[in-house]
1. Here's a check for you: in the range 65-104, which residue that is in a loop (DSSP other than H, G, I, E, B) and farther than 20 Å from residue 146 by Cα is most open to solvent (accessible area, probe 1.4 Å)?
2. Take residue 76 and decide whether it is of a type outside the set (D, E, K, R) and farther than 28 Å from residue 190 by Cβ.
3. Considering (1) surrounded by fewer than 17 Cβ atoms within 10 Å (Cβ to Cβ); (2) at pLDDT below 90, say which one residue 171 fails and leave the rest.
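The values are calculated or read from the model by the stated rules, or taken from the named source; none is laboratory data. On a predicted model such as this, the values are computed, not experimentally measured, just so you know. A quick note on method: Cβ atoms are made from the backbone with ideal geometry, for glycine too, and the neighbour counts reach across all protein chains shown. These area figures cover heavy atoms from the full protein model, side chains too; ligands, DNA and RNA do not enter into them. Shrake-Rupley method; radii C 1.70, N 1.55, O 1.52, S 1.80 Å.
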Amino acid sequence: MHVSITSPLQHCFAPLLAALFAMAACSAQASDFTIYSTEFPSLAEPSGEGAKGLYADLLAQVERKTGHRFSWRFQPWARAQLSAQADPNGMIVNFTRTPERESRYQWVGVVGWGRYGVFIPEKSKARTLADIQDQTIGYLNGSDAQGVLQQAGFKKLEPATAGEFNARKLHLGRIGGWAINLWTGPSIWQSIAGMPNPTVAKGK
């Protein structure tokens, strides 16, 4: 599968690191923070009692520079958002800044920019979004994909609590497409053993 990403993640580390270091400089002593997330393979996923991935590596740098300590808690995405809101020392990663979310969080910094794609079965004859307009499209519950899909004219939407559930449903033909951020979608797909590569529907 070949996809393109608007901006490479590594080009966007500096703004977030600078913001986190500035936040740390305002703190008189090291603090403990809980990072709430769902599993985003290659970005953040469970590893032993901690996490691995690009975000885990990024926060490990912040720990070394500031003395702050970060513990990870992986939950379904909608629950992770509620947990972060309720926890005074809670943080959340891989989170799109939208007008609806603006007042609910204190925004620390930008990690990068991503794009959504709709994965469809390789055997499908569809090649554009218009070709699958009448299909049921799966998305991650609690993500902004629902709004993106609705704005694109999709009406048959089916949420799932984890990306791998959508991947399996797509493979089994239970949904016609799977909307996912192009950073994480390929890694989730590849983690499901024995599944052929999907195609990405493009354009309108």
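1. Within the range 65-104, the match that is most open to solvent (accessible area, probe 1.4 Å) is 88.
2. Numbers: of a type outside the set (D, E, K, R): yes; farther than 28 Å from residue 190 by Cβ: no.
Criteria not met by residue 76.
3. Checking residue 171 against (1) surrounded by fewer than 17 Cβ atoms within 10 Å (Cβ to Cβ); (2) at pLDDT below 90, the one that fails is (1).
For every residue, the table says whether it meets (1) of a type in the set (Gly, Ala, Ser); (2) surrounded by fewer than 17 Cβ atoms within 10 Å (Cβ to Cβ); (3) closer than 30 Å to residue 46 by Cβ.
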| position | (1), (2), (3) |
| --- | --- |
| 120 | no, no, yes |
| 126 | yes, no, no |
| 130 | yes, yes, no |
| 140 | no, no, yes |
| 143 | yes, no, yes |
| 155 | no, yes, no |
| 161 | no, yes, yes |
